[in-house]
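Written below as structure tokens is the structure these notes are about.
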Amino acid sequence: IFVGANGSGKTRLASWLEERAGVDAHRVSAHRALTLNPSVVKVSEGQSKFRLLSGIDTPSIDQYSQESIPTYRQGNRWRSNSSTHLLDDFDALLQWLYAEQNNIAVRDLNNRYNGASVEPAKTKFKQLTEMWERVLPTKRLIVTADDILVDPSGAGNESRYSAAQMSDGERAIFYMIGQVLFAPPGLIIFDEPELHIRRAVLGRLWDELEASRRDCAFVLITHDLEFAATRTGRKLVVRSF
């Protein structure tokens, strides 16, 4: 966990760590767009995965490899400005969630058609929903093949609203869970994880996120000293970088 004053170089440190870690790193910057569009155009799982990790919207077949991600990430995901570029990848995250859910649903359906009696696999969408509801226990997420609704607990159907109308905090929690679930095994770097989220919820959220990815190490860069104090790990103060 890194803390430090504004202008001390924390974000540039995060960019440097990502470059050094290469294919093993996935970084989410503090400059991130949080517009959630449940009607996002559906694409293949491979295309959505590569778009989220590298920033390339329509990759060619020869670009679909984990090893090539660092090559394209700097110029496409970060537009050659990794410290200040606005990260706008919520659509790619949703496309990957939908695509993975669709592929698992089709596979499980075909297994049933062929007489197999097996429990359905838990999709990333299902994992995200369960975690989001544990962090926000007064709300429920209703996920279909092409839509997402929020159901305030016990309020009735008339109180449901589109995920596009979520509060900033609700969308931020959704986004952070999705990013962590889809990050490849290795290093996850999160700049300002406290954005839009109440302190009472933030610690519970990061307990969930860290428990969900025992195969990853985390680097958190934060201005919130109380949040930093709640996390297990080495704490470092950045004076300059």
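Cβ contacts < 8 Å: first residue modelled with pLDDT of 95 or more and part of a helix (DSSP H, G or I), restricted to region 201-220; second residue open to solvent by 20 Å² or more (accessible area, probe 1.4 Å) and basic (Lys, Arg), any location; separation 6+ or different chain. Result?
GLU208/ARG134
Going by the structure shown, is GLN179 under 19 Å from the mean Cα position of the chain (by Cα), surrounded by 18 or more Cβ atoms within 10 Å (Cβ to Cβ) and polar (S, T, N, Q)?
yes
Output the residues belonging to region 8-18 that are closer than 12 Å to SER83 by Cα, over 19 Å from the mean Cα position of the chain (by Cα) and not aliphatic (A, V, I, L, M).
Hits for region 8-18 are GLY9, LYS10, ARG12, TRP16.
Among all residue pairs at least 6 apart or on different chains, which show Cβ distances below 9 Å where the first residue, located in region 161-177, is free of Cβ contacts under 8 Å to residues at least 40 places away in the same chain and the second is among the small types (Gly, Ala, Ser)?
GLU170/ALA163
Confirm whether GLN95 is under 14 Å from the mean Cα position of the chain (by Cα) and either in a helix (DSSP H, G or I) or touching a residue at least 40 places away in the same chain (Cβ under 8 Å) (or both).
Yes: the conditions hold for GLN95.
If you check GLN101 against the conditions, is it open to solvent by 60 Å² or more (accessible area, probe 1.4 Å) and either closer than 30 Å to LYS10 by Cα or in contact (Cβ under 8 Å) with a residue 40 or more places away in the chain (or both)?
no
Just checking, which of GLU119, GLU67, GLU158 is of a type in the set (D, E, K, R), at pLDDT below 90, out of contact with any His (no Cβ under 8 Å at 6 or more places or on another chain) and assigned to a loop (DSSP other than H, G, I, E, B)? Don't jump to the end; show me each part of the working.
Values: GLU67 fails: assigned to a loop (DSSP other than H, G, I, E, B); GLU158 fails: assigned to a loop (DSSP other than H, G, I, E, B).
Matching residue, one of GLU119, GLU67, GLU158: GLU119.
Can you pull out every residue in region 141-155 that is outside any loop (DSSP other than H, G, I, E, B) and either in contact with a Cys (Cβ under 7 Å, 6 or more places away or on another chain) or closer than 15 Å to ASN37 by Cβ (or both)?
Step one: list which residues in region 141-155 are outside any loop (DSSP other than H, G, I, E, B), which gives 141-143, 148-152.
Result: VAL143, ILE148, LEU149, VAL150.
Is at least one residue of region 132-140 in a loop (DSSP other than H, G, I, E, B), open to solvent by less than 30 Å² (accessible area, probe 1.4 Å) and among the polar types (S, T, N, Q)?
Within region 132-140, none of the residues are in a loop (DSSP other than H, G, I, E, B), open to solvent by less than 30 Å² (accessible area, probe 1.4 Å) and among the polar types (S, T, N, Q).
If a residue has to be touching a helix residue (DSSP H, G or I) at 6+ places or on another chain (Cβ under 6 Å), under 30 Å from LEU149 (Cα atoms) and open to solvent by less than 10 Å² (accessible area, probe 1.4 Å) to count, how many in region 21-35 make the cut?
Within region 21-35, residues that are touching a helix residue (DSSP H, G or I) at 6+ places or on another chain (Cβ under 6 Å), under 30 Å from LEU149 (Cα atoms) and open to solvent by less than 10 Å² (accessible area, probe 1.4 Å) number 2.
The values are calculated or read from the model by the stated rules, or taken from the named source; none is laboratory data. The structure presented is a predicted model; accordingly, all values stated were derived computationally and were not measured. Don't worry about glycine lacking a Cβ; one is built from the backbone with ideal geometry, like all the others, and counts go over all protein chains shown. For the accessible areas, the whole protein counts, side chains as well, though only heavy atoms, and no ligand, DNA or RNA atoms are used. Shrake-Rupley method; radii C 1.70, N 1.55, O 1.52, S 1.80 Å.
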